[in-house]
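**Q** Attaching a single structure in structure tokens format; questions to follow.
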Number of protein chains: 2
Amino acid sequence: MIVVKVGGSEGINYEAVAKDAAELWKSGQRLILVHGGSSETNKIAEALGHPPQFLTHPGGLTSRLTDRKTLEIFEMVYCGLVNKRIVELLQREGVNAVGLSGLDGRIFEGKRKEAVKYLENGKIKIHRGDYTGSVERVNTALLTLLLEAGYLPVLTPPAVSYQGEAINTDGDTAAAMLATAFKAEALLLLSNVPGLLANFPDESSLIQEIPAARVNDPQYMSVAQGRMKKKVLGAVEAVQGGVGRVVFGDARIENPISAALAGRGTVVR
Amino acid sequence: MIVVKVGGSEGINYEAVAKDAAELWKSGQRLILVHGGSSETNKIAEALGHPPQFLTHPGGLTSRLTDRKTLEIFEMVYCGLVNKRIVELLQREGVNAVGLSGLDGRIFEGKRKEAVKYLENGKIKIHRGDYTGSVERVNTALLTLLLEAGYLPVLTPPAVSYQGEAINTDGDTAAAMLATAFKAEALLLLSNVPGLLANFPDESSLIQEIPAARVNDPQYMSVAQGRMKKKVLGAVEAVQGGVGRVVFGDARIENPISAALAGRGTVVR
């Protein structure tokens, strides 16, 4: 089993992802796709007069403020526009894909974080009424049922809270939980950069490999700041949880999945 | 098995539909939900600067002109906004719902009608490049798999063409195909009116029953014009195809499903 997460930034080559996934699938490779949709969500939110707002948390990370209206726009783009685009591309390639959100069949389940701490002018404040949370459980039974019947699952946030509410959740983390639950041979995190970059956005500074056991060495941690630190630690956690390897790869190129499987990008193992 | 189609006009009480569906489901009633989303699609399309256009066909019926951009908006609203709203409401009621479009697993499959005839100033013209079509096949195997594993399917257009393209399709017809494929005991078509009205929109003119065998009697056909004629003939076809009864009911009231099952609305049998 391989889990492929396709990010939601500008420049993703969805046609190439679908074509490559279809070829691998037809050759007998079991796989599950997970995708994002953040840049298109921002555009649609602007167009609908409800522009995106981001909160900066005390740890330095940022996240989307997800009120009810934002959640609806999020669902429109992730579950409607992007999910069905990928399912359609796979259907055109002759692969019987099934697109599902984490709400459907409680595929991605976790705790809602209704109150979110954030920084404003250096002070910690609390935003209430947010629809966000982290995935803690994956419904592998439903996914196995679909896989064994020949369907390729295409998954997307939101997740579902234990109370049944839709919650915005980080797609990379959800994909890592999924890969860990299946003890996947590989988790590929594809985005619009060639991998992890020592000097972002300098693409020639690609880090080719991070040995999970040596992630705390200064040469790795000095480059892993902010969101990238979270990515690296997430990858290490997946490897420690039984995932064969994690590859940060490029989703803008032809054959993006095969390239990442072949080690193009940043490999964590 | 009962198939419940919830229309997409203004005034639908989604909370009541979900609550009623959950109670029936928990009491052991097998059911599948199908829904629309036309009025919200119109609003979002307007807000996004791509207002809806409708074609009037030579037979007098109208349909949504579905170019690629319209298809994307359609998918955002039907598959994102409305589908996930209903799935979330069911999850909150403790029912493990799974929301799927006709693209997913090729649940609703049919022929794309790329060229559509329409009337303009009394002349027949042809619009090309449309993403529409009619459902000809239903993937009952996938739905049975889900039902037997305890999941309540919540289905929505678009359908998928034999070539794998997304196609806008009539929800009532898709629901009727589904009910026929399952030889459902009842197909409930719920909307924002109490049933079929002899003098639309006079709600006191509700037609309580149409015997399928006598549908061509003048007393029934004189009131069944245009879109309503299509609805009546669709219902008769479903009954002739093995569906126990078709009820046109009200989705604005409390317990809308139970009420229609109990015969409130227009019953075709």
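**Q** Hey, A:Gly150 hits all of (1) at positive phi; (2) crowded, with 23+ Cβ neighbours inside 10 Å but one; which does it fall short on?
**A** Among (1) at positive phi; (2) crowded, with 23+ Cβ neighbours inside 10 Å, the lone unmet condition for A:Gly150 is (2).
**Q** Looking at (1) within 14 Å of another protein chain (Cβ to nearest Cβ); (2) touching a strand residue (DSSP E or B) at 6+ places or on another chain (Cβ under 8 Å); (3) open to solvent by 30 Å² or more (accessible area, probe 1.4 Å); (4) not small (Gly, Ala, Ser), can you tell me which one B:Leu206 breaks?
**A** So B:Leu206 meets the others, but not (1).
**Q** Report, by residue number, each residue of the range B:106-131 that is hydroxyl-bearing (Ser, Thr, Tyr) and within 18 Å of A:Val87 (Cβ to Cβ). First the steps, then the outcome.
**A** So the first thing to find is which residues in the range B:106-131 are hydroxyl-bearing (Ser, Thr, Tyr), and the list is B:118, B:131.
B:Tyr131 - this is the single residue of the range B:106-131 that is hydroxyl-bearing (Ser, Thr, Tyr) and within 18 Å of A:Val87 (Cβ to Cβ).
**Q** OK, next. Which residue, of B:Glu109, B:Glu88, is assigned to a helix (DSSP H, G or I) and within 12 Å of chain A (Cβ to nearest Cβ)?
**A** B:Glu88
Yes/no matrix, rows are residues, columns are (1) at pLDDT 95 or above; (2) in a strand (DSSP E or B); (3) out of contact with any Leu (no Cβ under 6 Å at 6 or more places or on another chain); (4) crowded, with 21+ Cβ neighbours inside 10 Å:
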| position | (1), (2), (3), (4) |
| --- | --- |
| B:Gln219 | no, no, yes, no |
| B:Lys229 | no, no, yes, no |
| B:Gly234 | no, no, yes, no |
| B:Gly242 | yes, no, yes, no |
| B:Phe248 | yes, yes, no, yes |
| B:Ile253 | yes, no, yes, no |
| B:Ala260 | yes, no, no, yes |
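**Q** Still on this structure, please answer the following. Could you list all residues from the range A:151-186 that are closer than 22 Å to A:Glu88 by Cα, within 14 Å of chain B (Cβ to nearest Cβ) and either of a type in the set (Lys, Arg) or touching a residue at least 60 places away in the same chain (Cβ under 8 Å) (or both)?
**A** Residues satisfying the conditions are A:Leu152, A:Pro153, A:Val154, A:Leu155, A:Thr156, A:Pro157, A:Pro158.
**Q** Any residue in the range A:187-198 that is open to solvent by 20 Å² or more (accessible area, probe 1.4 Å) and free of Cβ contacts under 8 Å to residues at least 40 places away in the same chain? Let's see the steps before the verdict.
**A** The first filter runs over the range A:187-198 and keeps only residues open to solvent by 20 Å² or more (accessible area, probe 1.4 Å), leaving A:191-194, A:198.
Pick out the ones that are also free of Cβ contacts under 8 Å to residues at least 40 places away in the same chain and you get A:198.
There is at least one residue in the range A:187-198 that is open to solvent by 20 Å² or more (accessible area, probe 1.4 Å) and free of Cβ contacts under 8 Å to residues at least 40 places away in the same chain.
**Q** Moving to a separate point now. What are the residues in the range A:8-62 that are aliphatic (A, V, I, L, M) and in a helix (DSSP H, G or I), if any?
**A** Listed by number, the residues that qualify are A:Ala16, A:Val17, A:Ala18, A:Ala21, A:Ala22, A:Leu24, A:Ile44, A:Ala45, A:Ala47.
**Q** Take the range B:1-10 and flag every residue that is open to solvent by 30 Å² or more (accessible area, probe 1.4 Å) and at pLDDT below 95.
**A** B:Ser9, B:Glu10
**Q** Another one. I'm trying to understand the selection: among the residues of the range B:77-89, which are hydrophobic (A, V, I, L, M, F, W, C) and within 17 Å of the chain's Cα centre (by Cα)?
**A** Once the filter is applied, which keeps residues that are hydrophobic (A, V, I, L, M, F, W, C) and within 17 Å of the chain's Cα centre (by Cα), the range B:77-89 yields B:Val77, B:Cys79, B:Leu81, B:Val82, B:Ile86, B:Val87.
**Q** Can you go through A:Ala166, A:Ala184, A:Ala175 and tell me which one is under 15 Å from the mean Cα position of the chain (by Cα) and buried (at least 19 other Cβ atoms within 10 Å of the Cβ)?
**A** Values: A:Ala166 fails: under 15 Å from the mean Cα position of the chain (by Cα); A:Ala184 fails: under 15 Å from the mean Cα position of the chain (by Cα).
Every option except A:Ala175 fails the conditions.
**Q** If a residue must be open to solvent by less than 10 Å² (accessible area, probe 1.4 Å) and among the hydroxyl-bearing types (Ser, Thr, Tyr), how many such residues does the range B:22-41 contain?
**A** Number satisfying all stated conditions: 1.
**Q** Can you report the number of residues in the range B:26-38 which are over 20 Å from the mean Cα position of the chain (by Cα) and touching a residue at least 60 places away in the same chain (Cβ under 8 Å)?
**A** Adding up the residues that qualify gives 1.
**Q** Confirm whether B:Ile32 is out of contact with any strand residue (DSSP E or B) (no Cβ under 9 Å at 6 or more places or on another chain) and hydrophobic (A, V, I, L, M, F, W, C).
**A** Details: out of contact with any strand residue (DSSP E or B) (no Cβ under 9 Å at 6 or more places or on another chain): no; hydrophobic (A, V, I, L, M, F, W, C): yes.
When the stated conditions are applied, B:Ile32 does not pass them.
**Q** So which of A:Val82, A:Val95, A:Val77, A:Val116 ends up being away from chain B (no Cβ under 11 Å) and open to solvent by less than 40 Å² (accessible area, probe 1.4 Å)?
**A** Of the residues listed, the single one that is away from chain B (no Cβ under 11 Å) and open to solvent by less than 40 Å² (accessible area, probe 1.4 Å) is A:Val116.
**Q** Right, A:Gly133: buried (at least 18 other Cβ atoms within 10 Å of the Cβ) and more than 10 Å from chain B (Cβ to nearest Cβ) or not?
**A** So A:Gly133 fits the description; yes.
**Q** Tally up the residues in the range A:91-105 that are outside any strand (DSSP E or B) and touching a Leu at 6+ places or on another chain (Cβ under 8 Å), please.
**A** So the answer is 6.
**Q** Sticking with this one: If only one of B:Thr70, B:Thr56 is open to solvent by 10 Å² or more (accessible area, probe 1.4 Å) and within 14 Å of another protein chain (Cβ to nearest Cβ), which one is it?
**A** B:Thr70
**Q** What number goes with the only condition from (1) more than 11 Å from every other protein chain (Cβ to nearest Cβ); (2) open to solvent by less than 50 Å² (accessible area, probe 1.4 Å) that B:Asp104 does not pass?
**A** Every condition holds for B:Asp104 apart from (1).
The values are calculated or read from the model by the stated rules, or taken from the named source; none is laboratory data. Bear in mind the structure is a predicted one, so any value in this text is a computation, not a measurement. Quick reminder, even Gly has a Cβ in these numbers, built from the backbone with ideal geometry, and neighbours come from all protein chains shown. SASA here: full protein model, heavy atoms, side chains in, ligands and nucleic acids out. Shrake-Rupley method; radii C 1.70, N 1.55, O 1.52, S 1.80 Å.
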